[in-house]
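Heads up, the thing below is written out as structure tokens.
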Ligand code: AMP
């Protein structure tokens, strides 16, 4: 684990081998759509809908299963960002889906908490 030394991330722990931490640090390019003190939003590299964004905390959190009551504020902020981005990208009216795959069995492949925000197509229920 290493700490970024400048800017608002000064005290935020970043995992050197985490691809999303590397995006946060700017080491891996991503199509960043939004950024604030705690969160960053970028387009998914392998979109599963016309709009497919990832909303992530800048701090390394493995998954929802790695969160606790002390993370309630961060989680709330991330949800607000999901809704704001859905409105901004024009998918709020037609409906959109927010997904947090949690654990390998649920399809999580990147172990840095992220909310998929998908929209611009019809969705099935139950999900596959
Ligand atoms: P999950 O399978 O729920 O853990 O989601 C991980 C998501 O990260 C997948 O939808 C991938 O397409 C996406 N992804 C992986 N690497 C990148 C990257 N470098 N830039 C953007 N999205 C990525």
What number, in percent, do you get for the relative contact order of the chain if the mean sequence gap of Cα pairs under 8 Å and at least 6 apart is divided by its residue count?
25 percent
Cα-based Rg of the range 61-128 normalised by 2.2 N^0.38 Å, two decimals
1.20
Any idea what log10 I(q)/I(0) is at q = 0.13, 0.15 Å⁻¹ for the chain, Debye with uniform C-alpha scatterers and no solvent?
-0.52, -0.70
Contour minus end-to-end for residue 87 and residue 72, with contour as 0.36 nm per residue of separation and end-to-end as the Cα-Cα distance?
3.1 nm
Linear extension gain, residue 79 paired with residue 31, 0.36 nm per residue minus alpha-carbon span
15.3 nm
CD proxy, 222 nm, the chain: helix-only mean residue ellipticity via -39,500 (n - 2.57) per DSSP H run with n ≥ 4, per residue, nearest 500, stands at -6000 deg cm²/dmol
Any chance you could give the angle, 0 to 90 degrees and rounded to 10, that helix 72-88 forms with the longest Cα principal axis of the chain?
50 degrees
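Each reported figure results from applying straightforward, stated rules to the coordinates on display, with no laboratory input. Everything numeric in this text was worked out from a predicted model, so none of it was measured.
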